[in-house]
Structure formats: structure tokens, C-alpha cells
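Have a look at the structure that comes next, please.
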Amino acid sequence: KQLKGILLSPEYKKILQGILLDIQQCAKSAPNEATIESRFDTELAILFDKLFSHLGYTYFPTKEDAIETKRCVSKGRADTSIGALIIEYKHCSVLKNQIKRESALEQAADYVESFNAADIIKTVGFVTDGLIGAFITYSENALRKEKFSKLTIEMLDRLVQYIIGLGQKALTVENLIKDFCIVETCGESYGVR
């Protein structure tokens, strides 16, 4: 109930508006994608600390999460991974044309599929340069790629809600055993090692 109140509050919308403007301003002059990624991380960390930490939600992503990709023999590295979400950042010069946008979506889609094939469940991907963005969702063994559109408050809100919602562990036998059992004593009886 508290979470819903925060997400519907004028303060939250005002903060998102400020974040959006800061990210867009940064993206226009950023020399590389790492600068855009850093701005996103800073803004999201401040937002979560200010509005959601008292509810137990934090923004603590894994950076450069390595995964064996399907398209390449080598490992790929998702820029940011948090819960069941991956975020791929690009410099604004990279997403200038449709071919490069499709390539960026394919890269993120490949990461999502590769994580899932490795039993590391990822259900949402997001690709952005700080000016535009697109989501990829994975459900029922199918990927759905959205079209790139201008970064908006609604898109940032959706990202925040994915971080909150997808940061939760799935209620599976494996996760319960990992969290509540010593694997040597009870995990093997459930086929978990």
C-alpha cells in the first residue's frame, strides 16, 4: 500500500521529471556510453535511497554481468543486471539509424535468452542512449521487442517498477533451498547441488 502511494504521488512524478531532464542533458554531451550508464546509476540510486529504501528496495545492480551468448562463441557482458532485468547502454551516435537500433535490440535479446538458457531468469531487457529507449520482454518462451521511442517519464516509471517487481526472487524449490537449507543436508534430496 505504501509502495503504491509512492508510485502515484506527485513527488515521485516530479523526481522522475528531474531525472529525465538530467539524463537527457547528460546524453547529449556524453563522450561515451559509460558516462550515460553512470548518470542512470546515480539517478536511480538516489531515487531508490530517497523513496524506496525504507520499504526494503535498493538499487544495487551487477555491472558487466558475463554470459555465454548464443550468437557468439565468446562471452557477452550485459552492462547492468538487477534481478530479472538487464539494461544495455549505448552512446547516442550508435542508435542513430534503424539498422544499429535493431542490432542493439538483438544484442540485448541475445543476453536475455542466454541468461535464461543458463537458468538465470531474465524477463526484461532495456536498451537506451539516454534520449531514446526500447524494452524487450520475455515470457512463455518468446521475446517481444518494442520499438524505440523518446525516453519519457512513463518509460522511467516502468523501469523503476520493473526493478522493484523483478528484483524479487521467484518462489521456486531451488530458491527456497538456497535461502533456507544447507545444501549438503537437504538440497540433494530435491536434486539441487
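All of the numbers you see were taken from the coordinates with simple rules; none came from a lab. The model shown is predicted, which means the values in this text are computed figures rather than measured ones. Glycine gets a Cβ as well: all are built from the backbone with ideal geometry, and neighbour counts include every protein chain shown.
For the range 134-145, just list the computed ³J(HN,Hα) in residue order, Karplus coefficients 6.51, -1.76 and 1.60, θ = phi - 60°, integers in Hz, with x standing in for Gly and Pro.
Once θ is set to phi - 60°, the couplings for the range 134-145 become 8, 9, 10, 10, 10, 8, 6, 6, 9, 9, 10, 9 Hz.
Right, next: Amide H neighbours of ILE132 under 5 Å, at least 5 residues apart or on other chains, H built in the peptide plane: list them.
So ILE132 has HN proximity to LEU151.
Rounded to the nearest 0.05, what FRET efficiency do LEU55 and ARG144 have when you use their Cβ-Cβ distance and R0 = 35 Å?
On the way: r = 29 Å, r/R0 = 0.84.
Efficiency computed from Cβ-Cβ geometry: 0.75.
By the scheme Lys and Arg +1, Asp and Glu -1, what is the net charge of all other residues having a beta-carbon under 12 Å from that of PRO61?
-4
Also: In nm, to one decimal, how far is the modelled label at GLU154 from the one at SER29, with both set 7 Å along Cα→Cβ?
Distance between label points: 3.1 nm.
Under 5 Å between amide hydrogens, which residues at least 5 positions from GLU88 or on another chain qualify, with H placed 1.01 Å from N in the peptide plane?
Distant-sequence amide H within range of GLU88: PHE126, VAL127, THR128.
Right, here's the next one. Please go through the residue pairs LYS50/LYS96; LYS1/LYS63; LYS1/LYS28; LYS28/LYS63 and name each one whose alpha carbons sit more than 27 Å apart in this structure.
Too far apart for the 27 Å limit: LYS50/LYS96; LYS1/LYS63; LYS1/LYS28.
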